[in-house]
Each structure stands twice: as C-alpha cells, then as structure tokens.
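As structure tokens, the structure follows; a few thoughts come after it.
The values are calculated or read from the model by the stated rules, or taken from the named source; none is laboratory data. As the structure is a computational prediction, the values presented were derived from the model and not from experiment. All Cβ positions, glycine included, derive from the backbone under ideal geometry; neighbour counts span all protein chains shown.
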Amino acid sequence: MDECVGVTHYLYPFAHEFLRRDTSKFMHTALTALAKSEMRRHTGYLRPALFPVLEEVYKQWKSGQIAGAFMYSNNSSHALVDMIRQLLNTIIGLQQSLPHPPSVLQMAVSGQTPERPSSFVKDWAGVVACLKSNGLTPPTSKNDLLFFDDMPHVLERQISHYCRVPKYTFVTPQKIFIALITPLVPPDLTSRWSSVKHELTSLEHSSSSDIPSSDKGLVPMVHAIRAFGSVNAHQTRKHPRKQRGTRKIRRHG
C-alpha cells in the first residue's frame, strides 16, 4: 500500500477510530471529501498515476474483462487498508459520476489477516486463500492475476503480470487533512475527533515541496493494466461466459 498506491500510513489514527458501523455516515462524508481533495491534488496521499489506472480498472470491470480488484498490504492496520480500499472505490464513483461508490475493490488484506498462510509474505497461496475466505472466486490460472508493488516479493516469480513501480514517497502535511475533515465532524463525534487530531499532529513528518501532480509510475502502471486487459478481453471473446482475471492494487506497508 505505502509507496505503491501512495503514502497513507499517517492516516491510521483516523481509520482506527472512525471505520466503525456507528460512524459510517461520517466516514462516507469524510472519504468523499478526501477523494475530491486527492483528485484536485489538494492532498497527495495517493500517487497521481493511480487515477488513470482506476479509470481503466473500472472500464475493464464494467465490461467483464476482470472480476475485480483488491488491496493486499503488509501494513499491520487492517482498518487503514480497508479505508484506502473504500477511498479508491469512492474515487472511481466520482470519476464515473455514479450515485454510489462501486464495489470494484472487493477485498482488503493486511499483514494481520488470519487467512494468510504466512504473514507478511506475498505469494500465490496467500492471495488465493484470502480471496476464498472473502467469498471471492480466485484466478483460474497464474496468468489471470495482475499485481502492482514497489518491491520484489515471492509472487513476482509466480505470476506473469507483476508490475514493479517506482516508489511514491511524498508525505502530505497533516494540517491539510485536519483542515479538510474538521468542518465535517458532527457534534457527537467532536471529542473523538479531538483525540484523533492530537495523534495525527504527533505523526507530522510532512514534505515541504509541492504536492506532486506528475508521476514516474504513470507509464508502467497504465501500460500494465491495459496489457492485462487486452489479454483478458481476448480470452473473454473465446469464452464469453467466463469472467477472466482477478487483479489488485496495493502495496507493502
């Protein structure tokens, strides 16, 4: 997740506190605001290359070329990984002017997910086990999975479509996120937000440079998803009843 999808681990206090059923309405409002902020590059938690990739993922998902996408991270905070999954779905919904976020990213896996055979090892067995445990159909072959990462993992030697991307390292100033969310907090959550703000501030390690709008990862990431989609489109035409491929977007963290 971090340095591949973006640099998001500084948001874990927010995810840990508010990714709950009793705050789902507030979380939806907050994620929508954050998604719009990311798209406008007012914040830079997500790498710029991700936005055209998400558009392509939605296109292929909608046409049945892929079964879906998922986050597969070594980040130890499951709440954070799932929040970023929801954020990416929210961005896709805004990109496509949909009334609700689509369920394109269907699963969030963290370093603590119990179904992983070996924690913090990214391999084919772990991906298949986690998909099955979430009620999702695993890929029919090792050619049917595309995996993005900024680091080498066991999976790189096991599948054909493993895309190594340049690390994304920009750290968004926490004050920008705090200023974005504060006006959205309902009165009954004020005390909890105050505590989260303190934690967020204590994690301040921001960069002083401008929020990036360009990305060296753009070409390899877009090329990888389009190449993967073209292979699966060919297979779908050969086997029109089959929805080929399961892919994912995520990183180490």
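Yes or no: the stretch 177-199 includes at least one residue that is aliphatic (A, V, I, L, M) and outside any helix (DSSP H, G or I). Taking every residue of the stretch 177-199 in turn, at least one turns out to be aliphatic (A, V, I, L, M) and outside any helix (DSSP H, G or I).
In the stretch 28-53, which residues are in a loop (DSSP other than H, G, I, E, B) and over 18 Å from Val81 (Cβ atoms)? If the condition is that a residue be in a loop (DSSP other than H, G, I, E, B) and over 18 Å from Val81 (Cβ atoms), then Arg40, Arg41, His42, Thr43, Gly44, Pro48, Ala49 are the ones that fit. In the stretch 85-97, the residues that are over 24 Å from Tyr12 (Cβ atoms) never reach a residue that is in a helix (DSSP H, G or I) and among the polar types (S, T, N, Q) with C-beta atoms less than 7 angstrom apart, at least six apart or across chains. Each residue in the stretch 111-134 was checked for being over 16 Å from Ala69 (Cβ atoms) and in a loop (DSSP other than H, G, I, E, B), and 12 pass. Filtered by the rule that a residue be out of contact with any Lys or Arg (no Cβ under 8 Å at 6 or more places or on another chain) and either modelled with pLDDT of 95 or more or not in a helix (DSSP H, G or I) (or both), the stretch 11-22 gives Leu11, Tyr12, Pro13, Phe14, Ala15, His16, Leu19, Arg20.
Restricting the stretch 148-205 to residues that are touching a helix residue (DSSP H, G or I) at 6+ places or on another chain (Cβ under 6 Å) and of a type in the set (Asp, Glu), the residue that is modelled with the lowest pLDDT is Glu204. The number of residues in the stretch 135-147 being more than 20 Å from Tyr162 (Cα to Cα) and either in contact with a helix residue (DSSP H, G or I) (Cβ under 8 Å, 6 or more places away or on another chain) or not in a loop (DSSP other than H, G, I, E, B) (or both) comes to 0. Looking across Gly68, Gly64, one residue alone is small (Gly, Ala, Ser) and surrounded by fewer than 19 Cβ atoms within 10 Å (Cβ to Cβ). It is Gly64.
For the stretch 13-53, what are the residues that are of a type in the set (Phe, Trp, Tyr) and over 17 Å from Ser195 (Cα atoms)? Scanning the stretch 13-53 gives Tyr45, Phe51. Evaluate the following for Leu218: is it at pLDDT 95 or above, surrounded by 12 or more Cβ atoms within 10 Å (Cβ to Cβ) and in contact with a Gly (Cβ under 9 Å, 6 or more places away or on another chain)? When the stated conditions are applied, Leu218 does not pass them.
Only a single item in (1) among the polar types (S, T, N, Q); (2) surrounded by 21 or more Cβ atoms within 10 Å (Cβ to Cβ); (3) in contact (Cβ under 8 Å) with a residue 40 or more places away in the chain is not met by Asn143, and it is number (2).
Looking only at residues that are of a type in the set (Ser, Thr, Tyr) and farther than 18 Å from Asn75 by Cα in the stretch 119-140, which one is surrounded by the most Cβ atoms within 10 Å (Cβ to Cβ)? The extreme case among them is Thr140.
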